[in-house]
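The values are calculated or read from the model by the stated rules, or taken from the named source; none is laboratory data. These figures come from a predicted structure and were not determined experimentally. Cβ atoms come from the backbone with ideal geometry, glycine included; neighbour counts cover every protein chain shown.
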């Protein structure tokens, strides 16, 4: 029988994740984007820790710790440092205005619940509710990438997508094999480093990190 | 046992030698020696292996490589051995030739790289004809295509070379796509990619399936073989490639396609429907006739030779089609005859075409031009080259006792057996094809008469031709080997044909070695008894060897010398220069006019008007031939692709967000579709 406290904790963390998704979309400042992402990663780490406690699988603890260390501390710091360094404007510069974005994201969340409904009915795992949230997180992260102008917001969008995938993995199968998780972490870290380096380059070439100015590169 | 190890040694030498050749690139003369030393050594090994297999039977070597596609192994049977022999023979001679030929690339292009691709090209061809698994075969086939592509674009700073190479690459991949689909269809039937499983699976296949596989393979391998209308990469790639490479590509690479056609049709699918044979026969006839017609009006030597390759592949396909037709009516003895004729032509074409390409390369080496109208008078300046080229010309024109004569004679004989067909339609089709082959032969003779006459005889038409000198000895050795083989294979054909029969009989199910030769004679016997015809190249050779000196002696002795008067030739008051010589275009113009509905020539004559109508100083005459296939078949396709690409380019906005948006929208749509 499942411990109701664990269940509550899992649900709380999942709710925080979904909430931060919407706050990410709603926030207009670069600085708060990284903060919110750090909070989301913390919640994800907490969720993983609860799952680890419940299933008594040590490797999930390791993953939880890694997740917090990397995604809640290292990467946000790194991005903040970069934004300071290249002195971008503090505004997010959305292509779609924030109220509209929020409406679209609400629709995406509904879509996520709609799509996962048949799977959730089958679910017996303690993390059952998380699947819809993970879908929502992936979709909203992707939406962030599509609708925001700056190269650094693209990076954060990608990281949010990755959080969603990570959540899905925990929700469905109590995490993937250790080696796969480690590989994913490494991948994300390298991905972020590359994106930030590119942001530097774009900045130097175009005097802004507006990724739309790459348009001139096509033939 | 021993030939297995030699075969592996061959591959080991090639794979070790290729990187060494590339690494020694900084020292051109060293890398020349390494590269072509390695290729001649491994091709010698290939000769030994092939000879051993032909005499003592085949073998199979398994590669200890576990894959989901079945067992990867090399298997060498009689048919493989024939092609291995041909490939190795030509590669050996071309390697010797290349030792001298690449000298003029020194300091201009990286010789080590050419050596690298040359060796790999040879090794990949060897593996193509010995693979016994479809996936392994495709890998080798692709390696062969890519190596030859890099060799074609070797002179990359010349104008048009890279474009020709790209065209070749595209065409060869269209072919590979068709081949791959054919193999996958076979896989769905047999459940395995092993060639050994294909044969047994074919009997259980539906008629439609068998026919689709047949057509796919004909398109796929036909592209490599250069059948019309898939031939157009040949006349582009061959002039662009270095001459030693053209020799290799034209003489043996296109033959790998013939190998696979024989293997696929006779070994895997089995020939049952008569229309297959008719189709191959028709394609072959068209290729042979149009190929030689385009060759005849060409004044670029290498383009002319490329068109001649199209023609000869057509002739081989005619023989193959005849064999398929006989086989589909169960007349397996005649089928064996036609298949042996096809294999013989494979061998003889490899010999004379590599010889001719090497000869063209020597002309290019000495006179720096491929344009016949700029050449002339080379017979005096390059006596050995012209002698060897002349032997090649004799062979391509099927003059006895050369190899080309024997193979074409055999093809004619096998087609003349068409009265044995029970079907009236086929009885009518065969003579038509026979007539095509006959006119092809005549026009081939005219083509090479022109090529030899304009290039080597008369007076030089340009400064370069005047300055030409004989080529280095290694090049002469390479050409001489092939020239000697052209004659020897023809003269000794009575001992070669039974070997070919040995290779063909397992595919056909009938051996005719006993009837085929009788001492020094080649016989064509009817199964009902009675002799159809016979010929003996040996006797012809001996007779020629006796008659020519005799006539010469007799004429010298009894004909009298006559009085020698030294005076100017009557020249109508204008001094005789090379400008008054007969030109190549002049030679081929009657044919051009006769077949103007094929060539669609465009002539233009311009003369600047002068006060007196009798003195015209500035005259210009241009005559161009419409490339029918390019204009009416390929250009519309290319135009359509470009048009479509332009229309689609609106989705390429250049903005990352848009591209991400595509992914996003697609994802949402897929999720919705899944939920429904």
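As a summary of the residue check, residue B:658 satisfies the conditions (1) within 7 Å of chain A (Cβ to nearest Cβ); (2) part of a helix (DSSP H, G or I) except for the one numbered (1). You will find that of B:332, B:287, B:299, the residue that is buried (at least 23 other Cβ atoms within 10 Å of the Cβ), touching a helix residue (DSSP H, G or I) at 6+ places or on another chain (Cβ under 6 Å) and either at pLDDT below 95 or closer than 19 Å to residue B:447 by Cα (or both) is B:287 and no other.
Among residues that are surrounded by 10 or more Cβ atoms within 10 Å (Cβ to Cβ) and at the interface with chain A (Cβ under 7 Å from one of its Cβ atoms), residue B:664 is included.
Only one of the numbered conditions (1) more than 18 Å from the chain's Cα centre (by Cα); (2) at pLDDT 80 or above is not met by residue A:138, and that is (1). Summed over the stretch B:399-431, the residues that are closer than 30 Å to residue B:302 by Cα and modelled with pLDDT of 90 or more give a count of 11.
Filtering the stretch A:89-105 to residues that are more than 14 Å from chain B (Cβ to nearest Cβ) and either at positive phi or out of contact with any helix residue (DSSP H, G or I) (no Cβ under 7 Å at 6 or more places or on another chain) (or both) leaves A:89, A:91, A:97, A:99, A:100, A:103. Checking each residue in the stretch B:592-607 for being in a strand (DSSP E or B) and loosely packed, with under 10 Cβ neighbours inside 10 Å picks out B:604, B:605, B:606. Considering every residue within the stretch B:640-652, establish whether at least one is surrounded by 10 or more Cβ atoms within 10 Å (Cβ to Cβ), touching a helix residue (DSSP H, G or I) at 6+ places or on another chain (Cβ under 7 Å), part of a helix (DSSP H, G or I) and away from chain A (no Cβ under 14 Å). The answer is no; no qualifying residue exists. For the stretch B:194-229, how many residues meet the condition of being under 14 Å from the mean Cα position of the chain (by Cα) and farther than 15 Å from residue B:266 by Cα? Final tally of qualifying residues: 7. Picking from residues in the stretch A:112-130 that are at pLDDT below 85 and buried (at least 23 other Cβ atoms within 10 Å of the Cβ), the one that is farthest from the other protein chains (Cβ to nearest Cβ) is A:127.
Of the numbered criteria (1) part of a helix (DSSP H, G or I); (2) under 12 Å from the mean Cα position of the chain (by Cα), the one residue B:262 fails is (2).
Applying the criterion of at least 1 residues that are at pLDDT 90 or above to the helices (runs of 4 or more DSSP H) found wholly in the stretch A:1-104 leaves A:4-26, A:30-55. Within the stretch A:139-158, the set of residues being in a helix (DSSP H, G or I) and more than 8 Å from chain B (Cβ to nearest Cβ) comprises A:140, A:141, A:144, A:151, A:152, A:153, A:155, A:156, A:157, A:158.
Quick one: would you say residue A:109 is within 16 Å of the chain's Cα centre (by Cα), within 14 Å of chain B (Cβ to nearest Cβ), under 20 Å from residue A:20 (Cα atoms) and surrounded by fewer than 21 Cβ atoms within 10 Å (Cβ to Cβ)? The answer is yes for residue A:109. Does residue B:631 qualify as being out of contact with any strand residue (DSSP E or B) (no Cβ under 9 Å at 6 or more places or on another chain), modelled with pLDDT under 80 and either within 30 Å of residue B:453 (Cα to Cα) or not in a loop (DSSP other than H, G, I, E, B) (or both)? Criteria not met by residue B:631. A single entry from B:509, B:478 fulfils the requirement of being touching a helix residue (DSSP H, G or I) at 6+ places or on another chain (Cβ under 7 Å) and over 26 Å from residue B:367 (Cα atoms): B:509. Of the helices (runs of 4 or more DSSP H) lying entirely inside the stretch B:83-194, the ones with 2 or more residues being over 25 Å from residue B:15 (Cβ atoms) and free of Cβ contacts under 8 Å to residues at least 40 places away in the same chain are found at B:161-190. Comparison of B:516, B:492, B:520, B:500 shows that the only residue that is in contact (Cβ under 8 Å) with a residue 60 or more places away in the chain, more than 30 Å from residue B:380 (Cα to Cα) and surrounded by fewer than 23 Cβ atoms within 10 Å (Cβ to Cβ) is B:516. Whether any residue in the stretch B:402-411 is touching a strand residue (DSSP E or B) at 6+ places or on another chain (Cβ under 9 Å), surrounded by 24 or more Cβ atoms within 10 Å (Cβ to Cβ) and part of a helix (DSSP H, G or I) is what I want to check. Checking the stretch B:402-411: at least one residue is touching a strand residue (DSSP E or B) at 6+ places or on another chain (Cβ under 9 Å), surrounded by 24 or more Cβ atoms within 10 Å (Cβ to Cβ) and part of a helix (DSSP H, G or I).
Please enumerate the residues belonging to the stretch B:195-234 that are assigned to a loop (DSSP other than H, G, I, E, B) and touching a residue at least 12 places away in the same chain (Cβ under 8 Å).
B:203, B:204, B:205, B:226, B:227, B:228, B:229, B:230, B:231, B:232, B:233
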